[in-house]
Each structure stands twice: as C-alpha cells, then as structure tokens.
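See below for the structure under consideration.
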Amino acid sequence: MAKSNAESGTYTVDYFKSDTHRGVLLKDTMTDNIVTAMINMGAEMWAYRRRMLVMEQLMLERGGITPEMIEKYVPSETLMKSWESERDRFIGNVYDVLARPADIPVTAEMNYTDPKEKGN
C-alpha cells in the first residue's frame, strides 16, 4: 500500500526487485552486457567530468587552487586507500555487468512462449 509523505505531497511504495536485469534485449547476452557496460561507463564519466567542471569553475571564481597544485598533489596513504576503494566501486559498476547471466528473451509478442517450455 502506498504511504503518503505529507511534507512533499507525494506517495511512496516499498521497493521490489524485478527481473529486468535478466532480460536479453539485443541479439545475445554478451551484446546486452557490453552495451550496458558502455552506458554505465558514460554515466560514470559524465559524473566525473561534471565534477571537474565544478572544480575548475570554483578555482576561477574563488582562487586558492591552481591546476599546478592539482598536478603536483601527492595524497596521503589513508587517502590513497579511500581512492582505491572508490576505484574498485567504479570498476565494479562499469564491468560487473559483463558477467551478468541474462536468460529471459525479450519479445514484443504478448503471447510469447519459451521454446524450452514447449519441449523443443
């Protein structure tokens, strides 16, 4: 049942996981996985690019940080560990989908029957 959020005037429902990640939308599973990885890569790259644009604009407007300072910066050991964790998250988000076992054919036919179910 939907719950009212009085502050925003919206309604919410509990999340339920679907099986859309198992669908084969293109010609085969690997093509789907590669396209999904490319979409993920684009999303990640834009997020980082936008962040860089913000940093560059702040440097221009407020000063205090120069591109040379960024180039010469050496992070601490603790910070490096944190960045490695972020790197691993990035890699997982982009490439883990390549191992996705899609097994549900997607079709425009409303009455599609899986050939495995027919005994073929």
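The values are calculated or read from the model by the stated rules, or taken from the named source; none is laboratory data. As the structure is a prediction and not an experimental result, all values here were calculated from the model. Virtual Cβ from ideal backbone geometry, glycine too; neighbours counted across all protein chains shown.
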Take the residues of segment 57-108 that are small (Gly, Ala, Ser) and part of a helix (DSSP H, G or I): which is modelled with the lowest pLDDT?
Ala99
Tell me, yes or no, whether segment 46-69 has at least one residue that is among the hydrophobic types (A, V, I, L, M, F, W, C) and within 15 Å of the chain's Cα centre (by Cα).
yes
Let me confirm something: among Tyr73, Tyr95, which residue is exposed (fewer than 11 other Cβ atoms within 10 Å of the Cβ) and among the aromatic types (Phe, Trp, Tyr)?
Tyr73
Residues that are at pLDDT below 85, among the acidic types (Asp, Glu) and under 16 Å from Asn93 (Cα atoms), drawn from segment 27-56
Asp32
